[in-house]
Amino acid sequence: GTGSAAAVPINADFDIAYVTPVTLGTPPQTLQLDFDSGSSDLWVFSSHLPTSQIRGQQIYAPNKSSTAKLLDGHSWSITYGDGSGSRGNVYTDNVTVGGLTVGSQAIECAQQVSSSFTTEDHIDGLVGLGFSTLNTVSPKSQLTFFDNAKSNLDSPVFTADLKYKQAGTYDFGFIDEAKYTGEITYVPVNSDPGYWTFPSSGYAVGSGNFTASSISGIADTGTSLVYLPTAIVTAYYRQVQGATNSRSYGGYVFPCASTLPTFTFGVGAARFTIPAAYLNYAPVTPGSATCFGGLQSSSGVGINIWGDVALKAAFVVFNGGNPPTIGWAAK
Ligand SMILES: Cc1c(C=O)c(-c2nnc3c4c(C[n+]5cc6c(C)n(C)c(C)c6c(Cl)n5)n(C)c(C)c4cnn23)c(C)n1C
């Protein structure tokens with residue numbers, strides 16, 4: 001089988017995150033979930049949450065689904081790179097994404113979410129698309145939607161075609177030739193850390209020379225920005241008038257009117273250029289003349305992250321075959 005569903009920006013002005021409609025249970029309950037290749041829990045706002053923690057989100061009520069089953073004695077708790085987090089109990093139920101159904105998928109029902117989830121009313125939960133070794137359900141960890149679906153997929157892949165300020169798509173089980181140009185460059189994935197970790201072959205700032213350099217990083221659809229080694233990031237912002245690394249804003253900022261260079265990264269022999277517009281993430285506060293960069297340093301993060309700012313400059317194939325690989329193509 002296959003599936004195909006839209007990845008819709010949650011904000012009209014800035015690409016903060018993307019959500020995809022997912023139906024759960026019987027009769028179907030549809031939630032807008034953030035597909036995250038950087039984690040491996042499928043969790044939702046649920047009827048088990050205190051109402052004080054719900055502000056407009058859709059919720060999944062397992063007691064209203066005739067196919068929901070409590071996974072007795074199991075719980076989960078997760079924290080993300082931005083410090084947000086959630087925890088709760090676990091049910092299994094039918095989950096459908098873009099026409100692709102998994103029966104008895106572990107649905108982690110939130111009993112507590114951190115404040116940033118409560119305030120972001122466009123996100124009703126996450127669908128982890130990382131490796132199932134990262135799943136936090138205890139005492140028995142659970143499989144991701146992709147791992148559960150894999151045996152029924154025409155091909156053990158999912159693809160991300162994220163777009164700048166417009167809806168893109170996540171496809172499951174097939175590679176849509178109409179979504180990319182030229183060839184797909186595949187490189188090996190090290191799944192040991194549980195992420196889609198792959199080697200990049202180097203970078204260039206604007207029209208400058210390409211610097212060959214092997215950079216290990218993760219392809220993370222759930223992270224907005226790109227986090228790379230400080231040497232690369234300082235080389236980039238040296239080309240931006242008035243750029244400073246702001247302690248108060250927690251990263252590189254610059255006058256919104258600045259002209260930004262493009263940023264090119266290599267995957268094998270292929271080169272992908274992130275347009276300057278993608279690298280002006282957003283004003284630091286609404287209406288400010290100071291803007292926050294889409295490229296930030298990974299020194300405080302611990303790993304290099306190719307988030308949405310990079311992913312939307314390409315068509316990306318997450319190949320869950322044995323061994324796993326990742327493919328990048330222009331579009
Ligand atoms: C090491 C790391 C990250 C690794 O992942 C990371 C990050 N970057 N975007 C996100 C996340 C998102 C996407 N996301 C980003 C947002 C930003 C930058 N802002 C201002 C808002 C309001 C956001 C929302 Cl609602 N959502 N979501 C939904 C979750 C659970 C995230 C967790 N971390 N995260 C940061 C900021 N850092 C330092």
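Read-outs: derived from the displayed coordinates by stated rules, not from any lab. Please read all numbers here as calculations on a predicted model, not as lab measurements. Every residue, glycine among them, receives a Cβ derived from its backbone with ideal geometry; neighbour counts consider all protein chains shown.
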- Query: Around L311, with a cut-off of 15 angstrom between Cβ atoms, what is the net charge of the other residues, counting Lys and Arg +1 and Asp and Glu -1?
  - Reply: -2
- Within the set F35, F265, F45, GNM on the chain using Cα springs under 10 Å gives the largest fluctuation to F265
- Find the relative contact order for the chain and round it to a whole percent, using C-alpha pairs within less than 8 Å whose residues are 6+ positions apart. 19
- Item | Across the chain: Cys residues that no other cysteine approaches within a C-beta distance under 4.7 Å | C109
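Excluding I107 itself, calculate the net charge of residues whose Cβ lies under 11 Å from the Cβ of I107, where each Lys or Arg counts +1 and each Asp or Glu counts -1.
Details: positive: K69; negative: D41, D93, E108.
Residues near I107 contribute -2 overall.
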- Note down the net charge around T223, summing +1 for each Lys or Arg and -1 for each Asp or Glu among other residues with Cβ under 10 Å from its Cβ. -4
- Item | Mean ellipticity per residue at 222 nm, deg cm²/dmol - from DSSP H runs of n ≥ 4 across the chain, formula -39500 (n - 2.57) | -1500 deg cm²/dmol
- Item | segment 249-306-segment 1-51 distance, computed between alpha-carbon centres (Å) | 26
- Query: Can you give me the relative contact order of segment 180-330 as a percent, contacts being Cα pairs under 8 Å and 6 or more apart?
  - Reply: 33
- How big is segment 7-75 on each of its three principal axes, counting only the C-alpha atoms and giving the largest first in Å? 41, 26, 23
- In whole µm²/s, the translational diffusion coefficient that Stokes-Einstein assigns to the chain, given a Kirkwood hydrodynamic radius over C-alpha pairs, 37 °C and 0.692 mPa s, equals 162
- Given the options D15, D34, D176, which has the most mean-square fluctuation in a GNM of the chain, springs set between C-alpha atoms less than 10 angstrom apart? D176
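Give, rounded to the nearest 20 debye, the magnitude of the charge dipole that segment 78-216 has about its Cα centre when Lys and Arg contribute +1 at Cβ and Asp and Glu contribute -1 at Cβ.
On the way: 6 positive and 14 negative charges, 46 e Å.
Charge dipole, segment 78-216, about its Cα centre: 220 debye, nearest 20.
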- Message: Once each part is reduced to its C-alpha centroid, what is the distance from segment 191-223 to segment 102-169 in angstrom?
- Response: 23
- Shape of segment 3-172, Cα gyration tensor, a/c cut at 1.5: rounded
- Task: Please find the FRET efficiency linking S151 to S104, where r is the Cβ-Cβ separation and R0 is fixed at 22 Å, and quote it to the nearest 0.05.
- Result: 0.95
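Give me the dipole magnitude in Debye, nearest 20, for the chain about the Cα centre, with unit charges on the beta carbon: positive for Lys and Arg, negative for Asp and Glu. Spell out each step's value before the answer.
Numbers: 14 positive and 22 negative charges, 96 e Å.
My answer is approximately 460 debye.
Restricting to Cα atoms and excluding each atom paired with itself, what does the Kirkwood estimate give for segment 180-330 in Å?
Details: mean 1/r = 0.0635 Å⁻¹.
After inverting the mean inverse Cα-Cα distance, the result is 15.7 Å.
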